[in-house]
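The values are calculated or read from the model by the stated rules, or taken from the named source; none is laboratory data. Quick caveat, the model's predicted, so the values are computed rather than measured. Reconstructed Cβ throughout: ideal geometry from the backbone, glycine too, with neighbour counts over all protein chains shown.
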Amino acid sequence: MSVAATAPAPARVFGSGIRRREDPRLLTGTALYTADFTLPGQAYAAILRSPHAHARIRTIDTARAKAAPGVVAVFTGADSDGVLKPIPCAWLIPNSNLKTAPYRPMATDTVRFVGDAVAVVVADSDHQAYDALELIDVDYAPLPAVVDPQKAAEAGAPHLHEEAPGNIAFHWTVAGGDIDAAFTSADVVVRDRIVQQRLIPTAMEPRGALAQYVPATGELTLWNTTQNPHIVRFIMSVVTGVPEDRLRVIAPEVGGGFGSKIPQIQGDFITVFCAMQLGRPVKWVETRSENYVSTTHGRDHVQEVELAATTDGRILGVRATVWAGMGGYLSTAAPGIPTILHGLMLSGPYQIPAIKEDVYGVYTTTTPVEAYRGAGRPEATYMLERLVDLLADEIKADPVEVRRRNLIPPFENGHAVATGLTYDSGDYQGALDTALAQIGYDNLRTEQAAARAKGRYIGIGVSMYVEICGLGPSQVAGAVGFQGGLWESAIVRFHPSGKVHVFVGISPHGQGEETTFAQVVADELGVAVTDVKVVHGDTENTPMGWGTYGSRATAVGGAALAIATRKIKEKARLLTSHLLEAAVEDIDYADGKFFVRGSPDKAKTIQDIALMANVAWNLPQGMEAGLEASSFYDPPNFTYPFGTHIAVVEVDPETGHVELKRYVAVDDCGRQINPTIVEGQVHGGVVQGIGQALWEQAVYDQNGQLLTGSLIDYAIPRADLLPDIDVRSTVTPSPHHPLGVKGIGEAGTIASTAAVYNAVIDALEPFTVRSIQMPLTPERVWRAITAGKGA
Amino acid sequence: MKVPITISINGRARSAEVEPRLLLVQFLRDVLGLTGTKIGCDTSQCGACMVLLDGIAVKSCTCLAVQADGCAVTTIEGLASNGQLSALQEAFWEKHGLQCGFCTPGMIFAAYELLRTNPNPSPEQIRHGLEGNMCRCTGYQNIVRAVQAAAAAGGRA
């Protein structure tokens, strides 16, 4: 195996699409995910979950289960209540009359969604635990369910929490500019009612936890499927009372997240509770079906939207009311998603003088809603891109031309929009032009017309976006109610041999920062990528960090790393000047060598310096031994990636089948550390967004039963349904980021749903179809065509 | 009542007494500690648990351990030989055909099966051949490239 082979670093490894350092262990089955660990004396937990969407618990009889073979213990909410605090919501948005309600690790008197935890069995084997689960008798008194967020907000709807009258968890408003004047003076107003259907993130690794508690020392270790182990430690400490210094959280290999591994869920706390009660290690791994009802969902908006414009297609204002389903309880970050990450993004890449949005967060008897890839921004992009296409249709203009008339002109350092944000840098026109050229837009329109004449229905859909990532300045986090900071940290440590350890607070779970972060260090200091080991995911040996989500790992964590690396460089310059007896101002650095200006032969490599700093035989006065630096980086602003995606579809009018024929993605994430990894992020992101447009929906019946409760029923994209994605990019560096990067993890998902949807509606233009509820299944498309024909 | 079985795992005979209901994937993971084989669903949709059973790729959640009695099983831990990655493993690495890695062991065996029956598949045939395996990270595109590269490099082994 060529794993151990060390190749000389390329001259500029930053920007090089080298293969990933994490892959050998993943390719050989030696990587260890949470479910793969087994500790001596380990017991297994299985969780009993409510089969009712809403019910009072009359009695729970655990006697038969307790007597079953292999059973160690059975616990209910009555046992954990008072021992565990309720699960806190960590994004308490201000000025919204936010009403939190207790979210217990196990329900005590009322269940509020199918999947709400009711009891847990701990047994010597997982089979025994699941066998005994069936022996628990719960007597429920069913209560009425409500699954639609708009209906749940109506008078007389079934009521979930006494703390939240009318099921309203919060009411948040964003307003900028004179919205009434915009609509009063408008020549044209277009409207739509958009349902951003509920989605299930479906990271391929289900969630799980393994907890070990040592009563003699009071130390708790938790292996956890998480995107943010340091936040887990913080919240777990609050809920369990175990002090943070006795609490170690390990995110080992983590198999994708997409937002579903941000929150701390019932199973995490139940597992820890069992381990603490029993004094032996307890492991819980959810089944996929359990994941679907009990771990978090995403999206779930009902949006009533309208756009005011002039007859020549200039946008005057956007106004919306959104009912955002929260599920039965507020998950960790839930309130911030349809508000801060959605409402503030309603200007997109356009100059929009006035914007107003009212967002109602609404409790429904459904699985709690959390971040799902893009988290708020896909819902904003889709809303705007639909409205712009409706405007184009209304004024009989080309949708690309309407976009052009409204784009914010290129800017390099700051542009304020009506929602109050200041974008960092952008060239939206450039991304649009690149995408149009790549897809051959003008020719496509000609082909489309020719095809229509032959009874074939081709559609072209354009989607432009700006997203907010690199979350974010901690001062802003505090101002918008985020119950934590949003800085990141890094430690760079040179060993005497010149090999490097990097310790980071972010927690990658597939994004490849073990490679890209090594590239940053290699590029700055001239070491080989293979000489840099990036350590993450264990709170015991990594500095505090707030985690990997919101496309922030490289945008914030990468900046911390760059700054720590530059501190190393500065110390190396000082030591070089001392060793070479030259003034520090005369020491230059290039290609891994520190040298006296004009005398490149008088030089020290970073490896020389690492050795001399570590042995400390000859340091300048006042210099500490060692070659190590740390950084805590709090960004001055968010970063704002952007781009244009174009989809081409063909719709079969006889069956309603949508074939995705071509897809061009042009994304601008600033400077790219590893273009291969960037491209991979775009592929995966685009496909998830296509999934929303065409196939995916979490369907509840009116009784609150999840009808798409397994991978049989919930349609995530398959390989045979997709074309190749043609990935292109433009590069507009972020002006405030030390490396000029912006973030790419969510861009594809943010753009692609609207591109595909707009393409389908464009294909159906001859049938006067203006709106179809997503996902665009053949039946829905066929029905829309049939209704259009009759019109 | 437990049943004695003997299965050749990655070339080595392993014997155990197991419950008749024990799935092959549970036998591999929980009895033998071969955790490279993954469980991503409970309905045989995702394909993360694929292994070779007598040389043919199967979802090891669709097979009881007792059914594999007397058979030969190859898991992801047994695919590289003498420290050399197989052509498919190399190609997945080279083409960035994996991100979180959870679907990867199963995906590699699905690709192995495809190349066993069709050594030079077109991209469409590759996509069709992988439709029983789910990946949420890559959008499949680089997996298709990896399978093409492995085929061009002379095959699956």
Every residue from segment A:139-149 that is out of contact with any Pro (no Cβ under 9 Å at 6 or more places or on another chain) and either without any contact (Cβ under 8 Å) to a residue 40 or more places away in the chain or buried (at least 20 other Cβ atoms within 10 Å of the Cβ) (or both):
A:V147, A:P149
I need the strands (runs of 3 or more DSSP E) fully contained in segment B:1-113, keeping only those with at least 1 residues that are touching a helix residue (DSSP H, G or I) at 6+ places or on another chain (Cβ under 7 Å).
B:3-9, B:12-18, B:50-53, B:56-59
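Select from segment B:74-92 the residues that are in contact with a Leu (Cβ under 6 Å, 6 or more places away or on another chain) and either away from chain A (no Cβ under 13 Å) or surrounded by fewer than 24 Cβ atoms within 10 Å (Cβ to Cβ) (or both) and list them in ascending order.
Matches in segment B:74-92: B:T74, B:E77, B:S86.
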Filter pass, A:R64 being touching a residue at least 24 places away in the same chain (Cβ under 8 Å), among the basic types (K, R) and in a helix (DSSP H, G or I):
yes
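Looking at segment B:42-59, can you tell me whether even one residue there is of a type in the set (G, A, S) and either buried (at least 24 other Cβ atoms within 10 Å of the Cβ) or at pLDDT below 95 (or both)?
Taking every residue of segment B:42-59 in turn, at least one turns out to be of a type in the set (G, A, S) and either buried (at least 24 other Cβ atoms within 10 Å of the Cβ) or at pLDDT below 95 (or both).
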Can you tell me which residue among A:Y465, A:Y457 is hydroxyl-bearing (S, T, Y), more than 18 Å from the chain's Cα centre (by Cα) and more than 25 Å from A:E514 (Cα to Cα)?
A:Y457
The condition from (1) within 24 Å of A:L764 (Cα to Cα); (2) touching a residue at least 12 places away in the same chain (Cβ under 8 Å); (3) hydroxyl-bearing (S, T, Y) that A:T446 misses is numbered (2)
Just to be sure I understand the filter: pairs with C-beta atoms under 6 Å, separated by 6 or more residues or on different chains, first member in segment B:129-143 and at the interface with chain A (Cβ under 7 Å from one of its Cβ atoms) and farther than 15 Å from B:L114 by Cα, second member in a loop (DSSP other than H, G, I, E, B) and of a type in the set (S, T, Y). Which pairs pass?
B:R136/A:T202
Any idea which of (1) part of a strand (DSSP E or B); (2) away from chain B (no Cβ under 14 Å) is the one A:Y663 doesn't satisfy?
(2)
Failed condition for A:A479, given (1) under 27 Å from A:V249 (Cα atoms); (2) under 24 Å from the mean Cα position of the chain (by Cα); (3) not polar (S, T, N, Q):
(1)
Are any of the residues in segment A:348-362 surrounded by 24 or more Cβ atoms within 10 Å (Cβ to Cβ), within 30 Å of A:H54 (Cα to Cα), within 15 Å of the chain's Cα centre (by Cα) and not assigned by TED's automatic domain parsing to the domain that holds A:T548?
no
From the list A:T217, A:T221, A:T225, A:T240, pick out the single residue that is surrounded by fewer than 19 Cβ atoms within 10 Å (Cβ to Cβ) and in the same structural domain as A:A45 (by TED's automatic domain parsing).
A:T217
Counting just the residues of segment A:293-316 that are within 16 Å of A:P368 (Cα to Cα) and small (G, A, S), which one comes out surrounded by the most Cβ atoms within 10 Å (Cβ to Cβ)?
A:G298
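Restrict the check to segment A:159-177 and report whether at least one residue is modelled with pLDDT of 95 or more, more than 34 Å from the chain's Cα centre (by Cα) and either within 13 Å of A:G328 (Cα to Cα) or surrounded by fewer than 19 Cβ atoms within 10 Å (Cβ to Cβ) (or both).
no
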How many of the residues making up segment A:526-542 are under 22 Å from the mean Cα position of the chain (by Cα) and not β-branched (V, I, T)?
3
Would you please name the residue that is nearest to the other protein chains (Cβ to nearest Cβ), looking only at residues in segment A:114-133 that are assigned to a loop (DSSP other than H, G, I, E, B) and touching a Leu at 6+ places or on another chain (Cβ under 9 Å)?
A:G115
Could you grab me the full set of residues in segment A:598-624 that are of a type in the set (D, E, K, R) and either modelled with pLDDT under 95 or out of contact with any strand residue (DSSP E or B) (no Cβ under 6 Å at 6 or more places or on another chain) (or both)?
A:D601, A:K602, A:D608, A:E624
Selected residue [farther than 20 Å from A:H737 by Cα and either in a loop (DSSP other than H, G, I, E, B) or not assigned by TED's automatic domain parsing to the domain that holds A:R566 (or both)] from A:A477, A:A450
A:A450
Please tell me if A:L133 is crowded, with 16+ Cβ neighbours inside 10 Å, in contact with a strand residue (DSSP E or B) (Cβ under 7 Å, 6 or more places away or on another chain) and in the same structural domain as A:S50 (by TED's automatic domain parsing).
yes
Within segment A:736-791, the residues that are in contact (Cβ under 8 Å) with a residue 40 or more places away in the chain, more than 30 Å from A:Y549 (Cα to Cα) and in a loop (DSSP other than H, G, I, E, B) are A:L764, A:R770, A:S771, A:T777
The condition from (1) free of Cβ contacts under 8 Å to residues at least 60 places away in the same chain; (2) within 8 Å of another protein chain (Cβ to nearest Cβ) that B:C103 misses is numbered (1)
If you check A:T530 against the conditions, is it under 16 Å from A:I606 (Cα atoms) and hydroxyl-bearing (S, T, Y)?
yes
Within segment A:302-318, residues being in contact with a Ser or Thr (Cβ under 9 Å, 6 or more places away or on another chain) and of a type in the set (S, T, Y) number 1
